[in-house]
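Chemist: Before I ask anything, let me first share the structure, which is written out below as structure tokens.
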Amino acid sequence: MNAIFAIATGIMFGLGVFQLLRRDLIKSAMGFYILFTAINLLLLAVGAFNGQVAAYVDKNNQIAGQPSDPVVQALLLTAIVISFGSYALLLGFIALSSRRFQTVDSDEIDHLKG
């Protein structure tokens, strides 16, 4: 199962970086979201229960009923909320620049130079 997570995370990370480097701002935003999803999948894979030692064990070394680490789950939920807010802000910037410059191609937007 860890190999599946590693392969899926690697493919999604590579696809996200490829899309992030495109000239079209909408495709770049899609790459940003795919990259954040790959990072969330990496966090999920790191905190998954491996079948040997549970996240919390009681005094007699008995499994206390927790199949995975709740700290990783809390971090994952926080990362999802932060990525959603960042993505919404990014889409707002893209909408504003497309209205102002009448294009979503980053090469044609030359008024951003200092």
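None of the figures in this text is laboratory data; all of them are computed from the coordinates on show. These figures come from a predicted structure and were not determined experimentally. Heads up, the Cβs are rebuilt from the backbone with ideal geometry, glycines too, and the neighbour counts pull from every protein chain shown.
Chemist: Limited to the range 28-49, what total is found for residues that are among the aliphatic types (A, V, I, L, M) and assigned to a loop (DSSP other than H, G, I, E, B)? Before the answer, list the steps.
Modeler: Start the filter on the range 28-49 by keeping residues that are among the aliphatic types (A, V, I, L, M), which leaves 29-30, 34-35, 38-39, 41-46, 48.
Narrowing the set further to residues that are assigned to a loop (DSSP other than H, G, I, E, B) leaves 48.
The qualifying residues number 1.
Chemist: Another question, if that's okay. In the range 16-27, is there at least one residue being of a type in the set (Val, Ile, Thr), crowded, with 17+ Cβ neighbours inside 10 Å and in a helix (DSSP H, G or I)?
Modeler: Within the range 16-27, the first condition is being of a type in the set (Val, Ile, Thr), and the residues that meet it are 17, 26.
Applying the additional criterion that residues be crowded, with 17+ Cβ neighbours inside 10 Å yields none.
Looking for residues that are of a type in the set (Val, Ile, Thr), crowded, with 17+ Cβ neighbours inside 10 Å and in a helix (DSSP H, G or I), one finds none in the range 16-27, hence no.
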